[in-house]
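As structure tokens, the structure follows; a few thoughts come after it.
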């Protein structure tokens, strides 16, 4: 953040690898007044820091998104971070990224879109009004480089690519509408790089050692990006190194 005033922050997906790293990163800052940690289950260390308030929020339960927004007592947030997403999951059959059109399954496609696109869309609807209007405020959503249409050179991963491309369009469209009512708001997507987490575990074999980040590393890199973006960057997507991800 660019000034030393006390900050109120909401982090969605706060019990995931990156989400929890964001909570820990901002909890370490003396300028943080309150962190609303939204997730499907409470944070284990909530009682250790009175500034962290646990709130239930589940993308697959749309009503919980609106309820979570209503539960936030600070109606003027400095920052909202949505650190959520699904790429694969256990099940029968297990959810896996599609290698070809033959692998597309309607039920799995719907679930990926529900978590990666529809949930964030509802989050924008209910949480954007919570951003402060009298000074710089940020809304960041975890996207992915594979959501770039122009940068798609390998194909495959139909559900994940489509869900993140749609998310990037939501970010752009929401930024246009929001600028009419909150000229201080900055809405961006973030590509975290390849993070050593449950999401990336099956796909780490070919990742160079220096490009496989811990969740703490990735969160710190992205926090630096959020500290540097300005109003002209609203609607864009940025990678962990600050470079813009092409649409």
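A short reminder: the numbers here are calculations on the coordinates, not readings from a lab. Treat the numbers as computed from the prediction; the structure is a model and nothing was measured. Cβ coordinates were reconstructed from backbone atoms using ideal geometry, including for glycine residues, and neighbour counts include every protein chain displayed.
Taking only the C-alpha atoms of the range 124-199, Rg followed by Dmax gives 14.4, 44 Å.
Computed from Cα atoms, the angle from the helix 62-71 axis to the main principal axis of the chain rounds to 20 degrees. Residue order for 146, 112, fewest other beta carbons within 10 angstrom first, comes to 146, 112.
Whole-percent P(r), the range 1-127, all Cα pairs, 10 Å bins from 0: 12, 40, 29, 13, 5, 0. Across the chain, Cα-Cα pairs more than 24 Å apart make up 43 percent of the total.
Rounded to the nearest 10 degrees, the angle from helix 17-27 to the longest Cα principal axis of the chain is 20 degrees. Residues 118, 12 in ascending order of nearby Cβ atoms (within 10 Å, fewest first): 118, 12.
For the range 75-204, the direction-averaged projected area of the alpha-carbon convex hull comes to 8.7 nm². For the chain, the antiparallel share of DSSP beta bridges with both residues in that region comes to about 5%. In the chain, helices alone account for a calculated mean residue ellipticity at 222 nm of -9500 deg cm²/dmol, with every DSSP H run of four or more residues adding -39,500 (n - 2.57).
Each of 138, 57 was scored by other Cβ atoms within 10 Å of its Cβ. Arranged with the fewest first, they read 138, 57. When peptides 169-181, 75-87 are sorted by average Cβ neighbour count within 10 Å, with the highest value leading, the order is 75-87, 169-181.
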